[in-house]
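Just below is one structure, and these are the notes that go with it.
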Amino acid sequence: REPRADRPSREPAPFVSGRPVNELSDEERETLEVAREVLTEMISLMGIEATVEVATGGDTARLNVAGDDLGRLIGRRGEQLASLQHIVNLIVGRRAGQHHRIAVDVENYRGRREEQLRDVADRAAKRVLQTGKIIQLEAMPAMERRIVHMALLENPKVRTQSVGVEPNRRIVVLPANQVND
């Protein structure tokens, strides 16, 4: 995809948590530890009993919150979790003097939600192919829309488009032959 000329280019964030812990530099590991301390303090101040650990399993280094009854940290459709992650990134960025991107998860909510979204995308694509009609999915945040777009990217028979205005922006799944360029 070509960069848009009307948008200034941005430098990538110096810390991208999309790598395993053993591939991170010492500085990135230190930043992750600072973020863990910040998140632990925030959760404590909220009066929630939980532990924060650096998740080393899987493909990415991220902070994972474990405990009982953590729905308050996730919120409706993960909105609280996204806000919590944003605040942690702001605090860590302020302390480090530069912006960092650190992923925060609660009891693997993001992983479970990604599976749900992939399932929704697959079912929508099957329905579009059966009926030939356009399907509009529920409104969702940009990160979740991206998961749906990516899930259907490999399917040559359907296309996806985002329509609407935040916070009611939705994905439309349509047959590939109905795409308006």
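Counting the residues of segment 119-128 that are among the β-branched types (Val, Ile, Thr) and either touching a His at 6+ places or on another chain (Cβ under 7 Å) or open to solvent by 30 Å² or more (accessible area, probe 1.4 Å) (or both) gives 1. Here Met150 meets each of (1) at pLDDT 90 or above; (2) open to solvent by less than 80 Å² (accessible area, probe 1.4 Å) with one exception, condition (2).
Among the residues of segment 79-118, those identified as under 20 Å from Arg36 (Cβ atoms) and buried (at least 20 other Cβ atoms within 10 Å of the Cβ) are Leu81, Leu84, Gln85, Val88, Asn89, Val92, His100, Ile102, Val104, Asp105, Val106, Arg110. The number of residues in segment 24-42 that are part of a loop (DSSP other than H, G, I, E, B) and either modelled with pLDDT of 90 or more or open to solvent by less than 30 Å² (accessible area, probe 1.4 Å) (or both) comes to 1. When you scan segment 96-113, how many residues do you find that are touching a helix residue (DSSP H, G or I) at 6+ places or on another chain (Cβ under 6 Å) and over 19 Å from His86 (Cβ atoms)? Counting residues in segment 96-113 that are touching a helix residue (DSSP H, G or I) at 6+ places or on another chain (Cβ under 6 Å) and over 19 Å from His86 (Cβ atoms) gives 0. Scan segment 139-153 and report the pairs whose first residue is on the phi < 0 side of the Ramachandran plot and whose second residue is of a type in the set (Val, Ile, Thr), with Cβ atoms within less than 6 Å and a gap of 6+ or a chain change. Qualifying pairs under 6 Å: Arg145/Ile171; Val148/Ile171; His149/Thr160; Leu152/Val158; Leu152/Thr160.
The values are calculated or read from the model by the stated rules, or taken from the named source; none is laboratory data. These numbers were taken from a predicted model, which means no experiment stands behind them. Because the Cβ atoms are built from the backbone with ideal geometry, glycine has one as well, and the counts that use them run over all protein chains shown. Each accessible area value is taken on the protein alone, full model and side chains, heavy atoms only, with ligands, DNA and RNA left out. Shrake-Rupley method; radii C 1.70, N 1.55, O 1.52, S 1.80 Å.
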